[in-house]
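Note sheet for the following structure.
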Amino acid sequence: MPIKTLLMSAALLATSAVYAAPASPLPKPVPIDSIVAVVNDDVITRYELDDRLQTVKEQLQKQGTALPDAEMLQKQLLERMVIDLLQAQFAKENGIRIDDTQLDMALTRIAQQNNFPSLAEFRSKLESEKIDYKKFREEIRSEIISTRLREREVESKLVISENDIDNYLANKSKMGAAGEEFHLAHIQVSVPEQASAEKIQAARDRIQQALTQLQSGADFAQVAAGASDAKDALKGGDLGWRTSDAIPQLFMNELQNLQAGKVTGILRSPSGFHLVKLIGKRSGKGATQITQTHARHILIKSSEIVSEAEAKKRIMEIKQHIDAGADFADEAKRYSQDGSAQQGGDLDWLSPGQTVPEFEEAMDKLQPGMVEAVPTQFGWHLIKVIERRTTDVSEQQQRQQARIAIGTAKADEQYQDWLRQLRDHAFVEYRAEKKK
């Protein structure tokens, strides 16, 4: 038989075999990932959203918070993911990054604050509670980047005038709330900068819907998780205990006559609409005396150019010089990258709350004459305690406390404004999935 005939016969046999064979079941379709949002040049995928959604649901269940409406929760969560991605993009464009060494040191501090002697033991504890350690690391990295953005874009640009302080102290005296502390929860619906009348009305409708749910007996934490744009939404909007100093005047005006367990009416601020729940109220410490510490310090800043590991190496070398007999003030003048360098690192008398928590905690543990190194978000510090004293809260101290309180309130408000502007100026496209 010619070769051509053989080939044709083989082809026919093969074709017959295909049609004669019993039909086998088709493999089940494998779902492919899809894009749910485009954010400038990046995207958020369905997998990322579902993964985050599952984590949030588990977190709410652990807190004992009833799950809000699924569609509302997903919508709110996606918007938060957009804001997070925009911050990450801005940080990258401006050279703000946290390397693995800096991240590990931050995680070690978190472990120590939670009474774990080592990072390895802290990691084991997280994993025993079914917490993905890699995800946890990246969440902490994002939080540190957000903190640095806030410091750079907001806190470093704050201006607090003497007139601001005068008005603050006068209002505080008038309100008669000195020493009181308030446990608050909060729902915020943001309004974009230069929003149209339609967008303002849509925000007003959302906050009204939340208030209606609360008035019908819905759980505040559940409503906050599904409706609030605030960063604390997934914690049920819980702001914890705050002194009257650290509460916006807009809220304080309502809290004075509000009973515990009750919710304010709808409040309007430049950043949007708010509902505030007063969980509890108590008298503060009301101390008229405080302990002050006279200290010096040397700062080696960490940055995009100088890693935290390199900053630590430099500060430990300086500590060795001082331990060997070098004068602290001379070393500060020579090496410190802080404004106090020309004064030999002298910080004068420091009152509680005047420095960042890590610095204050380390300083409070030192006896006069002792020297210790400590990292903060600014870099590595070498601290020397000179002496301590107990003193009455003077007018100067009251003004300093007022400056801190005003700065905290202004920073919170301006940071929300900054995030709103970042969102308003971005290209964001939500992609609805095709229904099958």
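The values are calculated or read from the model by the stated rules, or taken from the named source; none is laboratory data. Since we're looking at a predicted model, the values are computed, not measured. Every residue, glycine as well, gets a Cβ built from its backbone with ideal geometry; the counts of neighbours run over all protein chains shown.
Structural remarks
- Criterion (hydrophobic (A, V, I, L, M, F, W, C), within 27 Å of the chain's Cα centre (by Cα), over 30 Å from residue 60 (Cα atoms) and crowded, with 16+ Cβ neighbours inside 10 Å) met by exactly one of 159, 154: 154
- Counted residues, the range 79-113 - those being within 22 Å of residue 36 (Cβ to Cβ), surrounded by 14 or more Cβ atoms within 10 Å (Cβ to Cβ) and not hydrophobic (A, V, I, L, M, F, W, C): 5
- Qualifying residue in the range 359-379 (condition: modelled with pLDDT under 85 and over 30 Å from residue 144 (Cα atoms)): no
- Once the range 294-326 is narrowed to residues that are under 24 Å from residue 151 (Cβ atoms) and assigned to a strand (DSSP E or B), the residue that is nearest to the chain's Cα centre (by Cα) is 301.
- The numbered conditions (1) outside any loop (DSSP other than H, G, I, E, B); (2) more than 16 Å from the chain's Cα centre (by Cα); (3) crowded, with 16+ Cβ neighbours inside 10 Å are all true for residue 116 except (1).
- For the range 77-93, the criterion of a residue being in contact (Cβ under 8 Å) with a residue 60 or more places away in the chain, of a type outside the set (Val, Ile, Thr) and over 23 Å from residue 230 (Cβ atoms) is satisfied by no position.
- Those helices (runs of 4 or more DSSP H) lying entirely in the range 173-268 with at least 1 residues under 21 Å from the mean Cα position of the chain (by Cα), at pLDDT 90 or above and among the small types (Gly, Ala, Ser): 220-227
- Residue match in the range 344-352 (condition: in contact with a helix residue (DSSP H, G or I) (Cβ under 7 Å, 6 or more places away or on another chain), closer than 30 Å to residue 80 by Cα, at pLDDT below 90 and of a type in the set (Ser, Thr, Tyr)): no
- Count of the range 360-377 residues which are touching a residue at least 60 places away in the same chain (Cβ under 8 Å) and under 18 Å from residue 408 (Cβ atoms): 1
- Residue within the range 357-365 that is hydrophobic (A, V, I, L, M, F, W, C) and in contact with a helix residue (DSSP H, G or I) (Cβ under 8 Å, 6 or more places away or on another chain) present: no
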